[in-house]
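Input: a single structure, listed below in structure tokens.
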Amino acid sequence: MVTDVTRQHEDAALAALAQGRFGEARAHLDAALDVGRARGDRPAQGHALLGLAEIAVAEDRYADAEALLEEALAAHRASDDPRGVADAVAALGDVARLRGDYGAALILLEQAKESYRVSGDGDREAGVLTGLAEVARLQGRLGEAVALLEEALPRQRASGDRVAAAATIRALGDVAIRQGRHDDAAAALAEALTAYRSLGNRLGEAAVLARLADLSRLQARYAEAVDLLEDALPIQRDLGDRRGEAGSLHRLAMVAIRQGRHADATYLLEQALPIQRDIGDRRGEATTLTSLADVARLQGRYADAHALLDQALPIHQAIGNRHGEATTLTALADVAGLQGRPDEAAALLDRALPVHRAIGNRLGEANTLQRLADVARHGRQYAEAGRLLDQALPIHRAIANRLGEANTLHGLAEIARVEGRLEETRARLDEALPIYRGLGNRFGEASALLCSARTRGAVGDVPGARADYLSAERLFRTVAPAWAESAAAEAATLPTAPD
């Protein structure tokens with residue numbers, strides 16, 4: 001039985017964890033564990049070990065977390081505590097998810113879900129549903145992720161668990177961003193922000209501000225993104241949330257990259273990197289190295305980009321982050337392509353593809369097929385490019401990734417246009433354009449209109465081509481001004497109407 005002393009330590013640890021004070025939380029949990037061991041209180045030991053595992057996860061010490069959870073599992077089994085057993089199994093599922101072992105994560109989380117269902121513990125079952133939703137999101141099963149989150153949310157609201165409900169609403173916003181549903185994402189994140197502020201949960205507030213900044217960046221509202229991050233940073237610094245601080249610096253760098261301020265981006269990333277190294281955030285370190293490589297790539301410093309990615313790859317491999325491994329291989333492929341080494345690019349993508357498939361990351365699989373198609377298309381291997389895109393399209397549709405579907409349709413349209421199959425080009429664009437418009441994706445819509453203008457021009461439909469060029473130019477001016485100039489220049493080459 002958990003004693004008052006251990007309960008006091010656990011409550012203090014929970015309060016510290018909520019504020020990101022991991023050292024303080026660890027001290028309380030170590031004390032609770034010592035008391036539990038001294039008294040032979042196996043449930044108390046199990047609870048303390050679960051908390052220590054949570055801290056290990058937050059610090060990316062996945063092997064330590066798994067060892068602590070296995071010890072917790074044994075303690076709960078020895079004391080015939082089915083709820084504690086389910087808690088440990090669910091936590092092991094979360095660690096498997098973080099390591100990129102999505103198959104193991106699904107098995108463990110489904111086991112925990114069934115245990116909670118049988119015992120009638122709806123609150124914990126709802127928590128597992130959100131974990132399953134995260135796995136679905138990472139695997140690119142975005143529609144399924146939404147369904148799971150929408151199943152969990154009413155349970156959390158009915159039980160009065162406002163913190164869990166806020167986290168689920170925030171997760172719905174995250175998925176909406178990935179699906180390109182920006183208005184839905186903004187509404188969900190605004191609701192989550194209000195919830196966290198009403199709870200006085202400043203850590204959650206800062207996290208939502210950072211995610212809102214991501215949305216603003218994607219919509220090219222860069223000043224707004226910076227303002228949101230500058231609201232988040234002081235909160236994270238006040239709380240001692242160094243991981244969050246590094247994340248916000250990284251996000252500010254992403255805005256700077258979008259604005260072409262590469263020196264500022266490098267400065268911000270070089271501020272984030274030592275923080276991540278100091279706190280042992282290896283996943284964050286690898287991500288920042290990848291972003292520094294992105295800056296180097298954009299500046300044409302391909303050798304530097306390659307060297308930075310070569311540092312990131314073994315970090316992902318060392319911590320068992322297979323998702324990060326595949327993403328880094330893809331980034332290396334991008335650099336190889338820019339250096340004029342298409343065969344190396346294809347080989348790297350061929351290494352990434354089975355990793356995505358092994359972890360069940362269908363979104364990563366589809367995106368990698370699209371990149372392989374890009375390599376083939378640039379090599380004028382249009383039949384191979386079309387074959388690869390034909391594999392990607394049903395995956396995007398199966399996982400309800402509307403943006404990926406539209407981009408693939410657009411890619412197939414471009415291939416058909418180059419090969420002179422203009423009716424097929426129009427048909428593909430007629431499918432892609434409504435999706436882009438429905439998502440509010442102006443860049444995608446403008447790019448598809450540019451393809452349409454070229455197609456119309458090829459068949460002598462000069463008025464139609466001119467109208468599409470003008471529409472594309474107007475859209476590009478709101479999201480990518482350089483592309484607007486290119487569209488205007490192409491339109492100027494159209495034959496003029498006779499007097």
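The values are calculated or read from the model by the stated rules, or taken from the named source; none is laboratory data. What you see is a predicted model; the values in this text were computed from it and never measured. Just the protein is used for accessible areas: all its heavy atoms, side chains included, with ligands, DNA and RNA removed. Shrake-Rupley method; radii C 1.70, N 1.55, O 1.52, S 1.80 Å.
By the Stokes-Einstein formula, at 1.002 mPa s and 20 °C, the chain with its Kirkwood radius over alpha-carbon pairs has D equal to 87 µm²/s. Surface analysis of the stretch 138-267 yields an accessible area of 41 Å² per residue, using protein heavy atoms and a 1.4 Å probe.
Only Cα pairs under 8 Å and 6+ residues apart enter the sum, and on that basis the relative contact order of the chain stands at 9 percent.
Computed from phi, the 3J(HN,Hα) profile of the stretch 156-165 under the Karplus parametrisation 6.51, -1.76, 1.60 (θ = phi - 60°) reads 5, 5, 5, 8, x, 7, 5, 5, 5, 5 Hz, with x in place of Gly and Pro. Helix 42-58 axis versus longest C-alpha principal axis of the chain: approximately 30°, rounded to the nearest ten. Backbone phi angles across the stretch 447-463, fed through the Karplus curve with coefficients 6.51, -1.76 and 1.60 (θ = phi - 60°), yield HN-Hα couplings of 5, 5, 5, 4, 5, 5, 4, 5, 5, 4, x, 5, 9, x, 7, 5, x Hz in residue order; Gly and Pro are listed as x. Entry note, the stretch 303-401: relative contact order of 20 percent, from Cα contacts under 8 Å with a spacing of 6+ residues.
Kindly identify the stretch 312-468 as rounded, prolate or oblate by the Cα gyration tensor criterion: order the square roots of the eigenvalues as a ≥ b ≥ c, call it rounded if a/c is under 1.5, otherwise compare a/b with b/c, prolate if a/b is larger, else oblate. Note, shape of the stretch 312-468 comes out prolate. For the chain, with all protein chains present and a 1.4 Å probe, just round the carbon and sulfur fraction of the accessible area to a whole percent. Carbon with sulfur: 51 percent of the solvent-accessible area.
Couplings 3J(HN,Hα) for the stretch 418-426, derived from phi with the Karplus relation 6.51 cos²θ - 1.76 cosθ + 1.60 (θ = phi - 60°), are 5, 8, x, 8, 6, 5, 5, 4, 4 Hz, where x marks Gly and Pro. Both radii are taken from the alpha-carbon atoms of the stretch 72-204; with Rh as the Kirkwood radius, Rg/Rh is 1.00.
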